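Comments concern the structure below.
The values are calculated or read from the model by the stated rules, or taken from the named source; none is laboratory data. Predicted model only: the values in this text are computed from it and were never measured. Note that each Cβ is placed from the backbone with ideal geometry, even for glycine, and that neighbours are counted across all protein chains shown. Side chains are part of the model used for accessible areas, which takes the heavy atoms of the whole protein and leaves out ligands, DNA and RNA. Shrake-Rupley method; radii C 1.70, N 1.55, O 1.52, S 1.80 Å.
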Amino acid sequence: QNDNDLVIPLEINSRYAAHYYIGINCASATPDIKFNFTVPSGATRRYHVVGLDPAATIGIGSVTMMWRDINDVTVAANNQFPSAQIHVSYITSGTAGNAVLQWAQNTSDANGVTVVAQSWVEVWKVG
């Protein structure tokens with residue numbers, strides 16, 4: 001699902017750096033959470049995610065770090081209120097538009113996963 005609160009407007013022919021802090025809430029360790037981004041036509045994005053490894057079941061555990069330029073990355077969502085930090089590089093071409101964070105449960109489960117209200121994004125235009 002699109003997160004309508006974590007949207008970045010992108011201008012044409014520009015470069016951006018963004019830092020997302022994502023607070024995660026879930027009543028169990030089963031579903032975990034996955035992230036992706038939509039960008040304007042012709043734009044590219046690469047991202048680095050730091051979060052609790054999906055196999056972790058408590059708030060302290062293995063940290064996973066991934067550098068991606070493809071779809072979907074998964075981190076743990078459990079009842080210990082974990083978080084993920086995502087660093088993204090956006091490069092646009094001739095089309096302006098929005099970069100939109102998308103998130104969803106990774107595994108179907110009765111315990112819903114939510115991104116908490118204290119989540120945020122900061123962005124810098126770097127070129």
> Which ones in the range 1-35 are open to solvent by 30 Å² or more (accessible area, probe 1.4 Å) and among the aliphatic types (A, V, I, L, M)?
Replying inline: Val7, Ile12, Ala17, Ala27, Ala29
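Every residue in the range 69-96 that is at pLDDT 80 or above and within 17 Å of His19 (Cα to Cα), please.
Residues of the range 69-96 that are at pLDDT 80 or above, as a first pass: 83-96.
The answer is Ser83, Ala84, Gln85, Ile86, His87, Val88, Ser89, Tyr90, Ile91.
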> If Pro31 satisfies every condition in (1) modelled with pLDDT of 90 or more; (2) touching an Asp or Glu at 6+ places or on another chain (Cβ under 7 Å); (3) not β-branched (Val, Ile, Thr) but one, which is the exception?
Replying inline: (1)
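Would you point out the residue of the range 116-127, among those that are open to solvent by less than 60 Å² (accessible area, probe 1.4 Å) and at pLDDT 90 or above, that is farthest from Gly51 (Cα to Cα)? It would help to see each step written out before you state the result.
Narrowing the range 116-127 to residues open to solvent by less than 60 Å² (accessible area, probe 1.4 Å): 116, 119, 121, 127.
Going one step further and asking which of them are at pLDDT 90 or above, we end up with 119, 121.
Details: Ser119: 14, Val121: 16 Å.
My answer is Val121.
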> Is there a residue being surrounded by fewer than 19 Cβ atoms within 10 Å (Cβ to Cβ) and modelled with pLDDT of 90 or more anywhere in the range 43-60?
Replying inline: yes
> What is the one condition in (1) at negative phi; (2) modelled with pLDDT of 95 or more that Val113 does not satisfy?
Replying inline: (2)
